[in-house]
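Working notes for the structure below.
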Amino acid sequence: MTATPGLLEYCDPHAWPVHHFGLPAPRWNALAGKAVWVTGAGTGFGAAIATALAAAGGHPILTGRRREKLEDAREAMRIFGVDPAAAMVLPCDVRDEMQLASATSEIARRFEALFGLVICAALPQVGPTPRPLADSSLESWRAMLDTNVTAPWLTARAALPLMLGARQVRMVLLTSEAGWAATPGFGPYNISKAALNALGMSIAAETAAQNSAADVQINVLNPGEARSEMNRGSTVSPYTAVAMTLALLSHPLGGPNGYFFARDGRHLEFAYAKAWGKPLLP
């Protein structure tokens, strides 16, 4: 495993004007003016990443099913000294093709190009049960897979044409270490994250193969556990995932595509997936 020297996993997000989450000035400035679509942006990792993008001068597009949560997340940017006017609230159920088509049309209308996509929306398993794979209903199984696998595929598919028009693709899919686990009681969730890992690696390879003239960088990030609406007991800030997300989004030409990373800067390797063997930050 390779590390990422200079990464600031734990830092005070209020002090972003000083540390820029560990990004050197050229990388921080590279995000200015860029439109980045963030799903699951009403709470947790999504809200934190959207706030950091706005702090860098970008134009985060906050998507989720509940407009009130998205508006709250945008307004909360003021707490960090960030002007929420740069952020766009775009409610959408990313499991719905028609709603996604409408959302992408609105993004295309508002912005000259879409620079990046960060997929944070996910459904947790509601408490461990002894035999979820044996006892769960088909309805609950479909809900898990629809949100954690089908929705990311649909969102990526909808967003790619908006990014490929500028021949530059930046996509980060947030996964979980459950994707490499077989924890009893969490089978459906484990499977959904394993499938998300395969989706990220596969769509990276397919997009690059079909668009050789484009700078394609699609990667998967394990953000670990943090405090969120679905994990209220955690004392870890969701801003711990910001540094690696920004490091991936801001990478210049020739960056990683189809690789796996952890929020602490590790470059992950498993089975056929090799570790990115170059520094992410200069």
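Data for the structure
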read-out	value
Three-way shape call for the range 12-128 based on the alpha-carbon gyration tensor, with the a/c threshold at 1.5	oblate
Sum of side-chain charges, residue 77 neighbourhood, beta-carbon under 15 Å (Lys, Arg +1; Asp, Glu -1)	-1
Probe 1.4 Å, all protein chains present, accessible-area order of 34, 278, 193, largest first	278, 34, 193
GNM result for the chain, Cα springs below 10 Å: residue of 176, 136, 250 fluctuating most strongly	136
Eligible lysines near residue 193 by straight Cα distance, threshold 23 Å, same-chain separation 8 or greater	274
Accessible-area composition of the chain, carbon plus sulfur, in percent [1.4 Å probe]	55
Probe 1.4 Å, protein heavy atoms only - accessible area per residue of the range 11-122 in square angstrom	41
Top of 115, 21, 80 by mean-square fluctuation, Gaussian network on the chain, Cα under 10 Å	80
Extension reserve of the residue 157-residue 183 stretch, reckoned as 0.36 nm per residue once the Cα distance is removed	6.3 nm
Surrounding net charge for residue 275, when Lys and Arg each add one and Asp and Glu each subtract one, Cβ distance under 9 Å	+1
Accessible surface, 1.4 Å probe, highest first, among residues 264, 135	135, 264
Read-out Kirkwood radius over Cα pairs in Å, derived from the coordinates shown; its label in (i) 18.7; (ii) 20.4; (iii) 19.7	(i)
Anisotropy class of the range 137-264 from Cα gyration tensor, a/c 1.5 cut	oblate
With DNA, RNA and ligands ignored, accessible area of residue 269 (1.4 Å probe; Å², nearest 10)	100
Whole-percent pair-distance distribution, where bins are 5 Å wide, for the alpha carbons of the range 93-148	4, 14, 18, 19, 12, 11, 8, 7, 4, 2, 0
Gaussian network model of the chain, springs between alpha carbon atoms under 10 Å - residue of 154, 253, 123 with greatest fluctuation	253
Cα gyration tensor, the range 185-228 - rounded (a/c under 1.5), prolate or oblate	oblate
Rh by Kirkwood over Cα pairs, then Stokes-Einstein D for the range 38-93 at 0.692 mPa s and 37 °C, µm²/s	317
GluC sites (Glu not before Pro) restricted to the range 103-141 and DSSP loop, no more than 12 other C-beta within 10 Å	112
Among beta bridges that DSSP assigns inside the chain, antiparallel share in %, nearest 5	15
Exposure rank, largest accessible area first [14, 59; 1.4 Å]	14, 59
Model label zone, residue 106; criterion: amide N under 12 Å from point 7 Å along Cα-to-beta-carbon; scope the range 57-71	61-68, 70-71
Assigned charges on the beta-carbon of Lys, Arg, Asp, Glu; the chain dipole about Cα centre (debye)	280
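The values are calculated or read from the model by the stated rules, or taken from the named source; none is laboratory data. Predicted model, so just to flag it, every value in this text is computed and none were measured. Every residue, glycine among them, receives a Cβ derived from its backbone with ideal geometry; neighbour counts consider all protein chains shown. When the accessible area is computed, the model is the full protein with side chains, heavy atoms only, and any ligands, DNA or RNA have been set aside. Shrake-Rupley method; radii C 1.70, N 1.55, O 1.52, S 1.80 Å.
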